[in-house]
Amino acid sequence: MALPLRGSPARWARVWRSRLAGARGLAAASYQYDLLVLGGGSGGLACAKEAAKFGKKVAVLDYVDPSPKGTKWGLGGTCVNVGCIPKKLMHQAALFGGAIKDARHYGWNIPQPVHHDWSKMAQAVQNYVKSLNWGHRLQLHDKKVKYFNLKGSFVDGHTVRGLTKSGKESKITAANILLATGGRPQYPENVPGAVEYGITSDDVFWLKEPPGKTLVVGASYVSLECAGFLTGLGIDATAMVRSIPLRGFDQQMATLVTDYMKSHGTRFLWKCTPTKVEKVEKGRLRVTWKNLESGKKEDGTFDTVMWAVGRAPETTSLNLEKVGVKLNTQSGKIIVDSLEATSVPHIYAVGDITEGRPELTPTAIAAGKLLAQRLFNKSTEKMEYDNVATTVFTPLEYSCVGLSEEEALEKYGKDHIEVYHAYYKPLEFTVTDRDASQCYIKMVCLRAGEQPILGLHFIGPNAGEVIQGFTLGIKCGATYSQLLKTVGIHPTTAEEVIKLHITKRSGLDATVTGC
Ligand code: FAD
Ligand code: NAP
């Protein structure tokens, strides 16, 4: 209701300032917390800790429903427990297998045969993950963020019901609520035996014994990374690809990634999709699949079947309908704007549950932190989701930032882009005579003028470490001309980026020769 203005504007400004302050005081006083975070993973913890820095009263609810196989874990979310961390450590364990073989060429006498002990590796990885769970609890405690091991769902816009494992209920109120409940692996629909006999990435890192001959179904990050490290650990692993590998990535690079995996022992079933899993003799699993090219039914026997067929956002148990938070009905993800705001004022969302965002830990963390700064520290800075670098930790790593060649072609047209590329041999591959056919770099630039860099793609050892630094340049608008002025660090694989000079258009051999 508009009030008639009497008195000077300055007096009214004072009155309104005091009314607003009163309203804010009332709001803060009438809720238990300034910020309540649902989900103690990458995004939720980052936001909670940042908000606490500004002296706000913050609480985090985190609850893990065990996987259908009964695997459960502690505070920290997907990345810490069943994602990035155990995955990278097992990838590292697999790389050591290759390093042992290489070491012989450098004079190390290593008795044969070398045997990998899965149980020992798993125990070490799991102990480290548990130490991170504990570390997260300590950090929350130190920052005075209240942690509840409760499963949250909405009662009303400012009230959340928390349930303990035993079903005990409590209610918590807050002025602002952040949804950061992440996602969980999906099981395929209409595949009898899928849930009963299969595992997912929620289980593989917590297996106490080696999985034996394994079929990994899917062809994206999770599938290829897991099939890759299993192969590297000496396990017979097969990846089942329904259509293309690494959908959304530059397809030339994706093919090189799978070519390398093949040459290093991972088996591939191309253009196949599973139809049935059954238990046969000695606890083994017979998987039946359809070959989409021949239309024929085929089968094979495995010890373990791992589904890596995508992830579903954890939005169904939150009672979002009650408060009117809008979802994309197809993906089940929460619709947010550039401020991470949902359709309901004072309810926000970050990370894997949000529509159209990359499903990556650093983006969830950055979005969470920036949100806290906007809410409680008068910041106006938004999360920038363009030029986010990522790495696929396959046996030969693939890292990239910016546009794929296909995306650049579609956006700018063939005549307006220039692609520089090189096949290179990492120095460490030379003495061991390792095949470097898939060590490849591609830089996609605009063709005109200084040639701004649109995308950079790198396949080779430590790809993530190489791309991280270049990301800064690309974020700052680096051009190919500027790159040419950079002096390389010799001898490294990253210097091969600096040396790129052959264009795809020229048709010249892109193999690097000499130093
Ligand atoms: P999460 O980290 O998933 O946290 C959500 C938390 O909320 C969980 O603890 C969940 O149990 C809890 N929760 C759910 N519902 C409720 C509820 N109702 N009440 C209370 N708590 C609830 N990203 C990378 O950047 N690099 C990598 O190398 C990488 N590797 C990956 C490997 C695998 C196998 C997988 C599966 C993912 C990987 N990711 C990687 C992706 C990364 O893990 C996620 O993008 C990131 O963890 C998302 O963070 P988040 O905060 O959205 O959710
Ligand atoms: P995803 O990217 O959604 O890929 C799902 C894969 O499963 C696709 O290859 C898909 O094939 C296949 N698939 C689906 N149904 C199938 C079926 N019935 N039969 C055979 N194949 C089937 O899922 P994801 O690999 O689980 O990864 C989820 C997200 O986690 C990623 O987007 C990524 O952001 C994040 N992540 C990041 C990292 C990292 O940073 N290194 C690592 C792992 C995960 P089609 O292409 O034919 O649909």
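The values are calculated or read from the model by the stated rules, or taken from the named source; none is laboratory data. For clarity, every value in this text was computed on a predicted model and none was experimentally measured. Quick reminder, even Gly has a Cβ in these numbers, built from the backbone with ideal geometry, and neighbours come from all protein chains shown. Areas reflect the complete protein model, heavy atoms only, side chains present, ligands, DNA and RNA absent. Shrake-Rupley method; radii C 1.70, N 1.55, O 1.52, S 1.80 Å.
Here are a few things to note about the model shown:
- Estimated at 0.36 nm per residue, the fully extended path between Lys282 and Ser379 surpasses their Cα-Cα distance by 28.8 nm.
- In this structure, the residue pairs whose Cα-Cα separation is over 21 Å, taken from Lys56/Lys171; Lys56/Lys144; Lys130/Lys369; Lys382/Lys442; Lys72/Lys276, are Lys130/Lys369; Lys382/Lys442; Lys72/Lys276.
- Portion, in percent, of the accessible area of region 369-515 that falls on carbon or sulfur, probe 1.4 Å: 54
- Spherically averaged projected area in nm², based on the convex hull that wraps the Cα atoms of region 202-318: 9.0
- Separation in nanometres of the label points that stand 7 Å from Cα toward Cβ, at Lys414 and Lys101: 3.9
- To the nearest ten degrees, helix 84-105 and the longest principal axis of the Cα atoms of the chain are 20 degrees apart.
- Distance cut-off 16 Å, percentage of C-alpha pairs in region 232-278 lying past it: 45
- Karplus-derived 3J(HN,Hα), 6.51/-1.76/1.60, for each residue of region 236-250, Hz, glycine and proline x: 6, 10, 10, 9, 9, 10, 7, 10, 10, x, 6, 3, x, 8, 3
- 3J(HN,Hα) couplings calculated from phi for region 38-51 with the Karplus curve 6.51 cos²θ - 1.76 cosθ + 1.60 (θ = phi - 60°) are, in sequence order, 9, x, x, x, 3, x, x, 5, 4, 5, 4, 5, 5, 5 Hz; Gly and Pro show x.
- Excluding ligands, DNA and RNA, the accessible surface per residue across region 172-267 is 34 Å² with a 1.4 Å probe.
- Principal axis dimensions, largest first and in whole angstrom, of the chain by Cα: 85, 66, 49
- Electrostatic bookkeeping for Glu428 treats Lys and Arg as +1 and Asp and Glu as -1; over the other residues with beta carbon under 15 Å from its beta carbon, the sum is -3.
- Subtracting the Cα-Cα distance of Glu189 and Thr159 from 0.36 nm times their residue separation leaves 7.3 nm of extension gain.
- Reported to the nearest whole Å, the Cα centre-to-centre distance from region 396-458 to region 221-274 is 21.
- Length-normalised contact order of region 207-273 in % [C-alpha pairs under 8 Å, at least 6 apart]: 35
- Using every pair of separate Cα atoms, the Kirkwood estimate puts the hydrodynamic radius of region 185-271 at 13.5 angstrom.
- Compactness of region 133-279, expressed as Rg and Dmax over alpha-carbon positions, Å: 20.8, 56
- Our estimate of slack between Thr430 and His115, defined as 0.36 nm per intervening residue step minus the Cα-Cα distance, is 110.8 nm.
- Computed from point charges on the beta carbon alone (+1 for Lys and Arg, -1 for Asp and Glu), the dipole magnitude for region 327-420 about its Cα centre is near 580 Debye.
- Taking 7 Å steps out from each Cα toward its Cβ at Ala312 and Leu472 produces label points 4.3 nm apart.
- The modelled label-to-label distance between Ala341 and Ser294, using points 7 Å beyond Cα along the C-beta direction, is 5.8 nm.
- Using C-alpha pairs below 8 Å separated by at least 6 residues, the relative contact order for the chain is 14 percent.
- Dimensionless Rg over Rh [region 335-401; C-alpha; Kirkwood]: 1.05
- Considering only Leu292, Leu230, Gly265, and ranking their Cα positions along the charge dipole of the chain that arises from unit charges at the beta-carbon of Lys, Arg, Asp and Glu, the one farthest toward the positive end is Leu230.
- Backbone phi angles across region 366-378, fed through the Karplus curve with coefficients 6.51, -1.76 and 1.60 (θ = phi - 60°), yield HN-Hα couplings of 5, 5, x, 5, 5, 4, 4, 5, 6, 5, 10, 9, 6 Hz in residue order; Gly and Pro are listed as x.
- The distance linking region 130-176 with region 284-358 is 24 Å (Cα centroid to Cα centroid, whole angstrom).
- For the set Val241, Val487, Val388, the ranking by accessible area, highest first and with no ligand, DNA or RNA atoms included, is Val487, Val388, Val241 under a 1.4 Å probe.
- For Glu418, residues with placed amide H under 5 Å, excluding near neighbours: Cys445, Leu446, Arg447
- Figure legend: label point modelled 7 angstrom from the Cα of Gln123 along Cα→Cβ; residues of region 189-207 with amide N under 16 Å from it are 206-207.
- Seen from every direction in turn and averaged, the convex hull around the alpha carbons of region 52-164 projects onto 11.0 nm².
- Radius 9 Å from Cβ of Val277, net charge of other residues (Lys, Arg +1; Asp, Glu -1): +1
- When nucleic acids and ligands are ignored and a 1.4 Å probe is applied, Asp142 ends up with an accessible area of around 110 Å².
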